[in-house]
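Here the structure is laid out as C-alpha coordinates; the discussion comes afterwards.
The values are calculated or read from the model by the stated rules, or taken from the named source; none is laboratory data. Bear in mind the structure is a predicted one, so any value in this text is a computation, not a measurement. Here the Cβ is made from the backbone with ideal geometry for all residues, glycine too, and neighbour counts use every protein chain on show. Side chains included, ligands, DNA and RNA excluded: accessible areas come from the protein's heavy atoms. Shrake-Rupley method; radii C 1.70, N 1.55, O 1.52, S 1.80 Å.
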Amino acid sequence: MASAKEKEILDKIKIVLTQQFDGPEAAFSFFDKDGDGTLNKSEVEKLLKQAEVSGFIRGIVASKLIEKFDGSADQNIGWEEFEEAISGIV
(Lines give C-alpha, C1' and ligand atoms only; values in the text may rest on other atoms or scores of the structure.)
Protein backbone atom coordinates (compact mmCIF):
# COMPACT_ATOMS: atom_id res chain seq x y z
CA MET A 1 0.00 0.00 0.00
CA ALA A 2 1.30 3.42 -0.95
CA SER A 3 2.05 5.96 1.74
CA ALA A 4 0.19 9.26 1.81
CA LYS A 5 3.25 11.02 0.32
CA GLU A 6 3.54 8.44 -2.48
CA LYS A 7 -0.15 8.85 -3.27
CA GLU A 8 0.24 12.64 -3.35
CA ILE A 9 3.14 12.36 -5.83
CA LEU A 10 1.30 9.83 -7.99
CA ASP A 11 -1.74 12.12 -8.02
CA LYS A 12 0.45 15.01 -9.21
CA ILE A 13 1.91 12.82 -11.97
CA LYS A 14 -1.61 11.79 -12.98
CA ILE A 15 -2.65 15.42 -13.33
CA VAL A 16 0.30 16.13 -15.64
CA LEU A 17 -0.31 13.03 -17.76
CA THR A 18 -4.06 13.51 -18.12
CA GLN A 19 -4.30 17.30 -18.43
CA GLN A 20 -1.20 18.21 -20.42
CA PHE A 21 -0.89 15.33 -22.90
CA ASP A 22 -3.16 13.52 -25.35
CA GLY A 23 -2.11 10.16 -23.93
CA PRO A 24 0.68 8.25 -22.21
CA GLU A 25 2.64 7.88 -25.47
CA ALA A 26 2.71 11.66 -25.97
CA ALA A 27 3.91 12.19 -22.39
CA PHE A 28 6.60 9.53 -22.72
CA SER A 29 7.85 11.02 -25.99
CA PHE A 30 7.87 14.53 -24.52
CA PHE A 31 10.01 13.54 -21.54
CA ASP A 32 12.31 11.23 -23.56
CA LYS A 33 14.46 14.21 -24.54
CA ASP A 34 17.32 12.18 -26.02
CA GLY A 35 14.93 9.97 -28.02
CA ASP A 36 16.52 6.72 -26.88
CA GLY A 37 13.19 5.08 -25.98
CA THR A 38 13.81 5.23 -22.23
CA LEU A 39 13.50 7.76 -19.43
CA ASN A 40 16.72 8.23 -17.49
CA LYS A 41 16.89 9.81 -14.03
CA SER A 42 17.22 13.33 -15.42
CA GLU A 43 14.18 12.85 -17.65
CA VAL A 44 12.14 11.41 -14.76
CA GLU A 45 13.17 14.45 -12.69
CA LYS A 46 11.79 16.71 -15.44
CA LEU A 47 8.48 14.83 -15.29
CA LEU A 48 8.44 15.30 -11.51
CA LYS A 49 9.27 19.00 -11.91
CA GLN A 50 6.34 19.35 -14.32
CA ALA A 51 4.21 17.62 -11.68
CA GLU A 52 5.35 20.25 -9.15
CA VAL A 53 7.18 17.78 -6.91
CA SER A 54 9.51 19.74 -4.62
CA GLY A 55 13.04 20.16 -5.90
CA PHE A 56 14.29 19.12 -2.48
CA ILE A 57 12.98 15.55 -2.90
CA ARG A 58 12.78 15.31 -6.71
CA GLY A 59 16.07 13.42 -7.11
CA ILE A 60 15.18 10.94 -4.38
CA VAL A 61 11.71 10.36 -5.82
CA ALA A 62 13.15 9.87 -9.33
CA SER A 63 15.60 7.27 -8.01
CA LYS A 64 12.83 5.46 -6.13
CA LEU A 65 10.53 5.43 -9.19
CA ILE A 66 13.30 4.00 -11.37
CA GLU A 67 14.16 1.43 -8.69
CA LYS A 68 10.51 0.39 -8.42
CA PHE A 69 9.61 0.22 -12.13
CA ASP A 70 12.92 -0.64 -13.85
CA GLY A 71 12.21 -4.30 -14.61
CA SER A 72 15.20 -4.55 -16.97
CA ALA A 73 17.64 -3.21 -14.33
CA ASP A 74 19.22 -0.76 -16.79
CA GLN A 75 18.64 2.31 -14.57
CA ASN A 76 16.07 3.64 -17.07
CA ILE A 77 12.33 3.31 -17.54
CA GLY A 78 11.43 1.93 -20.97
CA TRP A 79 8.04 2.38 -22.62
CA GLU A 80 6.65 -0.93 -21.31
CA GLU A 81 7.85 -0.11 -17.81
CA PHE A 82 6.36 3.38 -18.05
CA GLU A 83 3.07 1.97 -19.29
CA GLU A 84 3.00 -0.45 -16.35
CA ALA A 85 3.94 2.28 -13.88
CA ILE A 86 1.13 4.60 -14.94
CA SER A 87 -1.51 1.89 -15.48
CA GLY A 88 -2.60 2.25 -11.88
CA ILE A 89 -2.90 6.02 -11.98
CA VAL A 90 -4.37 6.99 -15.38
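Obtain the nm distance between the two label points defined at GLU8 and LYS49 by a simple spin-label model: each point lies 7 Å from its Cα along the Cα-to-C-beta direction.
Those two pseudo-labels are separated by 2.2 nm.
Considering all alpha-carbon pairs of region 19-90, what whole percent are spaced by more than 18 angstrom?
Working: 822 of 2556 pairs.
So the portion of pairs separated by more than 18 Å is 32 percent.
So between PHE56 and SER72, what do we pick up on full extension, going 0.36 nm a residue minus the alpha carbon distance? Mind showing how you got there, number by number?
Values: separation 16, 0.36 × 16 = 5.76 nm, distance 2.78 nm.
Taking PHE56 through SER72 to full extension adds about 3.0 nm, to one decimal.
Mind grabbing the accessible area of ILE9 for me, 1.4 Å probe, Å², rounded to tens?
20 Å²
Given the whole protein assembly as supplied and a 1.4 Å probe, what does the accessible area of LYS5 come to in Å², nearest 10?
About 100 Å², ignoring ligands and nucleic acids.
Please give the length that would be gained between VAL90 and LYS64 if that part of the chain were fully extended, namely 0.36 nm times their separation in residues minus their C-alpha to C-alpha distance (nm, one decimal).
7.4 nm
Note the full-extension length gain between GLU80 and GLU25 as 0.36 nm times their separation in residues minus their Cα-Cα distance, in nm to one decimal.
Numbers: separation 55, 0.36 × 55 = 19.80 nm, distance 1.05 nm.
This chain segment gains 18.7 nm when fully extended.
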